[in-house]
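Peer 1: I am attaching a structure below and will ask some questions about it afterwards.
The values are calculated or read from the model by the stated rules, or taken from the named source; none is laboratory data. In this text the structure is predicted, and so the values were computed from the model without any measurement. As a convention, Cβ positions derive from the backbone with ideal geometry for all residues, glycine included, and neighbour counts pool all protein chains shown.
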Amino acid sequence: MKRFFIALPLFAILALACNTSTLFATPTPEPTPTPVPVGADLSIPLPPGDPTRGELLFNGPFACAACHGVFEGQVTTCPNLFGLSARAATRVSGYPAEMYLREAIVSPNAYVVEGYTEGVMPQNFAETMSAQQLADVLAFLMTK
């Protein structure tokens with residue numbers, strides 16, 4: 001019994017020294033980093049794009065397919081993407097296809113295709129897309 005009375009205060013001192021509250025605390029999860037928006041500056045280089053990921057973004061979170069068709073003859077509220085990479089190179093003088101498409105996504109009213117209405121395309125992709133997401137979508141569009 002004498003050992004118990006000696007051991008009990010020693011255990012209490014040890015417990016206080018170890019700060020047991022940290023032993024049983026729930027770890028704080030690391031926050032998910034927010035992607036840096038790509039912005040509208042066309043001179044900033046983009047990373048290499050992946051057309052497979054771009055197609056997933058086009059059909060998924062950015063909902064591009066809701067307005068843009070991808071098949072020949074498909075009637076849509078926005079320009080059809082069939083043959084897009086060839087047409088994109090001729091839209092704005094001095095712009096290669098990728099630059100035109102990039103501008104069309106991040107500053108959609110900079111050039112509006114004849115027969116379509118200004119302001120229909122979402123105006124916030126420069127603030128909501130990361131550089132990688134834009135590069136991926138562009139890589140997908142260049143396959144059309």
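Peer 1: I'm checking my understanding of the structure. Among residues of the range 67-126 that are of a type in the set (D, E, K, R) and free of Cβ contacts under 8 Å to residues at least 40 places away in the same chain, which one is surrounded by the fewest Cβ atoms within 10 Å (Cβ to Cβ)? Break it down into steps so the answer makes sense when it comes.
Peer 2: Residues of the range 67-126 of a type in the set (D, E, K, R): 72, 87, 91, 98, 102-103, 114, 118.
Filter once more, so that each one left must be free of Cβ contacts under 8 Å to residues at least 40 places away in the same chain: 72, 87, 91, 114, 118.
Details: 72: 8, 87: 16, 91: 16, 114: 5, 118: 9.
Once the filter is applied, the top-ranked residue is 114.
Peer 1: Please verify whether residue 99 is under 21 Å from residue 139 (Cβ atoms) and either of a type in the set (Gly, Ala, Ser) or in a loop (DSSP other than H, G, I, E, B) (or both), treating the condition exactly as stated. Steps first, answer last, please.
Peer 2: Working: under 21 Å from residue 139 (Cβ atoms): yes; either of a type in the set (Gly, Ala, Ser) or in a loop (DSSP other than H, G, I, E, B) (or both): no.
Answer is no for this residue.
Peer 1: If the requirement is being closer than 22 Å to residue 39 by Cα and part of a helix (DSSP H, G or I), which of these qualifies: 127, 118? So that I can check it myself, show each step before the final result.
Peer 2: On the way: 118 fails: part of a helix (DSSP H, G or I).
Answer to the check: 127.
Peer 1: Condition (residue is at pLDDT below 90 and under 19 Å from residue 123 (Cβ atoms)) applied to the range 77-89: is it met by at least one residue?
Peer 2: In the first step, residues of the range 77-89 are kept if they are at pLDDT below 90; the result is 77.
Retained after the next criterion (residues that are under 19 Å from residue 123 (Cβ atoms)): 77.
Within the range 77-89, one or more residues are at pLDDT below 90 and under 19 Å from residue 123 (Cβ atoms).
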